[in-house]
1. Taking every Cα atom in the range 263-341, find the radius of gyration and the maximum pairwise distance Dmax, and write them in Å.
2. Note down the nm distance, to one decimal, between modelled labels 7 Å out along Cα→Cβ at W172 and at E185.
3. Å³ per residue of the Cα convex hull, for the range 99-146?
4. Assuming 0.36 nm per residue, please report the length gained on full extension of the stretch V319 to A195 beyond their Cα-Cα distance.
5. Need one number: nm distance between label points at L269 and T216, each 7 Å from Cα along Cα→Cβ, rounded to one decimal.
6. Leaving out ligands, DNA and RNA, what percent of the accessible area of the range 193-341 is carbon and sulfur, probe 1.4 Å?
7. Would you count, across the range 171-325, every pair of lysines whose alpha carbons are under 18 angstrom apart, provided the pair is eight or more residues apart or spans two chains?
8. Can you quote the Å³ per residue value for the convex hull of the Cα atoms in the range 142-224, rounded to an integer?
Amino acid sequence: MSTNTRSKTKLQTGDQKGDEIICKRQKVVKSTNASSNFVAVIPAKVIDSFDDDNLRSSSKTVENVKLQKPQDSVVIDYSESKQLEMVPINNFAVKFLQLEQELCQSLRALKFSSPITHIYNPLEYASSTHSDYISKYLSGPKCIVFLGMNPGPYGMAQNGVPFGEINYVKDWLQIQGDVGKPPVEHPNRPILGLACTRSEVSGARFWGFFKEVCGTPDVFFHRCFVHNYCPLVFMSKTGKNVTPPDMVVAERKRLESICDVSLCRSVRLIEATTVVAIGKYVELRARNALKAAGLDTVKVTSIMHPSPMNAKANKGWAVEVRKQLSDLNLMEYIAKTSTTA
């Protein structure tokens with residue numbers, strides 16, 4: 001089967017019929033939990049990261065399969081022979097991706113009015129590069145979660161990586177994968193994926209700082225992770241970026257009620273002890289959400305946002321943020337010398 005061939009099949013697991021799955025020589029995870037219809041495309045490298053002791057193979061063909069002893073999840077490997085490979089899903093990255101897929105499903109029910117005319121969800125059309133980011137850098141619990149608000153039009157919107165300035169995404173983080181298109185693309189905000197040539201200032205400042213401090217991504221992600229509160233990009237008729245604080249209040253509150261729950265589930269999974277919000281809006285959302293969920297032991301703080309719209313950030317964001325992180329006693333968890341622990 002050529003790499004351009006798309007195949008369709010049906011999966012039946014136990015008594016539960018699976019949704020129709022369309023793939024392009026990719027591995028697909030289907031939850032067998034009766035309360036979930038989760039289906040997510042997972043790069044082969046995520047599956048390859050499982051311990052060999054946890055792997056169990058079956059020679060049954062995919063078509064009309066009925067598993068005798070369903071696992072927590074199964075992985076369908078669309079290879080040349082269309083064999084079914086069953087893998088107990090205990091991988092951290094896959095669990096996190098499932099939380100995000102459930103978030104996306106909840107967000108689809110929301111409706112937005114003026115000034116919003118276009119909405120992008122890079123977790124969906126950039127799922128390949130986003131999954132590569134998660135599989136590379138979220139393999140277990142983290143002490144610190146750096147929390148952004150939502151994707152920028154030339155950052156995560158293009159490649160699925162938080163604060164995804166294109167040069168750092170490709171050259172430092174080494175992210176790979178294909179990027180598709182949103183269902184309705186704004187003519188002033190085309191999605192070019194990893195072919196995008198426009199740099200995002202916020203992302204360049206953010207990842208540039210941690211590259212300087214940590215040297216390599218492995219040092220930074222040893223104890224830290226970067227995530228966004230909301231995965232959606234909102235635009236007006238002209239293509240102008242619309243942030244959650246700019247929305248109609250009732251619509252923003254419905255959005256926040258969904259994102260708050262997802263944030264708490266993510267923090268629980270990651271077992272973070274500190275959430276560093278990037279900007280005051282996200283700090284308030286994280287503080288209120290975690291408190292309401294009983295996660296009072298998680299420390300919530302913030303650092304200055306690197307946006308060029310922030311006049312103070314334009315006067316030396318890296319210097320100010322280094323001071324803020326030092327005052328919070330967090331630099332010891334981030335800098336190069338901390339990786340031996």
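The values are calculated or read from the model by the stated rules, or taken from the named source; none is laboratory data. Since we're looking at a predicted model, the values are computed, not measured. We place every Cβ from the backbone using ideal geometry, glycine too, and count neighbours over all the protein chains shown. What goes into the accessible areas is simple: the full protein's heavy atoms, side chains included, and nothing from ligands, DNA or RNA. Shrake-Rupley method; radii C 1.70, N 1.55, O 1.52, S 1.80 Å.
1. 14.0, 38
2. Going from the W172 label point to the E185 one covers 2.8 nm.
3. Values: hull volume 5.3 nm³, N = 48.
It is 111 Å³ per residue.
4. Numbers: separation 124, 0.36 × 124 = 44.64 nm, distance 3.11 nm.
Going from the current span to full extension adds 41.5 nm.
5. 2.7
6. Numbers: 3800 of 7020 Å².
After summing per-atom areas, the C and S share lands at 54 percent.
7. For the range 171-325, the number of qualifying lysine pairs is 10.
8. On the way: hull volume 8.5 nm³, N = 83.
Value for the range 142-224: 102 Å³ per residue.
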